[in-house]
Amino acid sequence: MEVKEDVENVHPVVETVASQTTSSENLSTKQDVAFEPIILAKSRKNGTTYRLLEGQQQPQLRNNISFGVGFLEFANALDFAANIWNESPLPRFVVALMATGGSVTLLLSTFALFDFRRSWKNTRILRDERKYLHRLRSENGDQGDLVRDIDRVLSVNYRELTSEIVDRVAMDFLLGFAGLLVGIGTLIAIPGAQNHQVYLASNFLSGYIGNAFPLLWGVINFVTSMYIWWRFHRQARCAAKFGHLEPLLADIVLRCRQFQRHACLTAINGLVAGVAGMITFKYWWAYVILIPCIVASLFANLYYRMRIGYDRYLMTNTPEAFSAPHNLSLELMDAHIFCVSLRQRALPTQITALGNLEKPDMTVASTLLESNRLFPLFCEWLFNNDERIGQRVFSSEDHSDQIVITGQNFAHADVDRGRFCSLFKDFLLDCGPRHFESRRRYLLELMAYDLEQQHRDEPHGARQAL
């Protein structure tokens, strides 16, 4: 089947794990699905609230880069008072600037520590997924469709791992440590005005050593950013040759361009900021160069969080993810329709069984939650918004400090189904936009890689259906 036909005949209900796309009619006929016990911890501050315990969800890559790390370039420029005023005795306002600058630099460096822990967790689970996929590929090397699906995920995993290691782990470590040295050097510059040895130590910390780490990161980031820029330039060029993919083609090319813009911005900005930082202790005008670098660093941070990053569940220890060949065009159209509908504060019209207020089919909700791994999040949300319905829909054991959910009974629960339908819609409107937008971004990257591979294979055969 050609991709064009797939797009025209899509029946959008999104499945994140399973590779098959299921229509709303099939959803209503599926039986309830079992799931692992879910534990909600109780908190009685300001009324009873519930939250998921750690480890209740499968490993997930998180778009959780801290906004604070966007200020690391700013933090490393706060030694300007120590470098510009080299006189004794120091004016009072200069002492105040040094004390404030050094303290703020140390404070901002703590953001790097917090983000380092988050990014290291992302890196570890991505490495685990990569090992698992390589093992799965070696065990099923004779299955062409399965190998093709695994190669897609491996390629995107490699890009994700590169971004996490360079853009977060390396940046947090190098710029955070540089901020620590610069902050200390700026503070000891205050007594250094009276002591030549302390003055030299201050210059050594906030000048040569402190600014060497941002330059090192700028060089490393420049190299990897150029690789990412070229990777998506190549993919966008290949995707443009598949004109029959409209309306998906425009989104695929735009996704590639977003990666290219971010890579280009961070490559140039990191290198310029690193060089300028190395000469600030000699030339005051270098701080003028750092001003647009600071603004660009903040913009790049926001751009990544809002346009590029995404959350996704990993394939580690989930062989059912490759139980059947993936049809990326159908899955991408599904995710796109959900995203558009939820942005308009509405649900896709394809969920007709749930929308029948006279006799809503609750198994539609059950299957949608299961296929998108949203059961734990829905349990937490439902118990916080209507505990009575939550206790009737889910089988649970109530303990003093937690609730253990052991099963669900969507098909036969004795509840006001109209009320449940309303709650489920509210849940999707609250939590669905981020989930389905993340899904859409990930699928666009998978599809861009797949189009590139198909373009390379064209001389050896006809294009395959996506």
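If R0 is 60 Å, the Cβ-Cβ spacing of residue 67 and residue 416 corresponds to a FRET efficiency of close to 0.90. Between residue 434 and residue 283, the FRET efficiency estimated from the beta carbon spacing at R0 = 51 angstrom works out to 0.65.
Taking a ≥ b ≥ c as the square roots of the eigenvalues of the Cα gyration tensor, the range 43-173 is classed as oblate, since a/c reaches at least 1.5 and a/b does not exceed b/c. The fraction of all Cα pairs in the range 62-313 landing in successive 10 Å bins from 0 to the largest distance is 7, 27, 28, 19, 11, 6, 2, 0, given as whole percents.
Using a Förster distance of 41 angstrom, determine the FRET efficiency expected from the C-beta separation of residue 147 and residue 45, and round it to 0.05. E between residue 147 and residue 45, to the nearest 0.05, is 0.20. Take 238-245, 413-420, 444-451 and order them by the average number of nearby Cβ atoms within 10 Å per residue, most first; the result is 444-451, 238-245, 413-420. Here the gap between residue 234 and residue 96, fully extended at 0.36 nm per residue and compared with their Cα-Cα distance, gives a gain of 44.5 nm.
Quick note: the coordinates plus some simple rules give every number you see, no bench work behind them. Keep in mind it's a predicted model, so treat the numbers as computed, not measured. Heads up, the Cβs are rebuilt from the backbone with ideal geometry, glycines too, and the neighbour counts pull from every protein chain shown.
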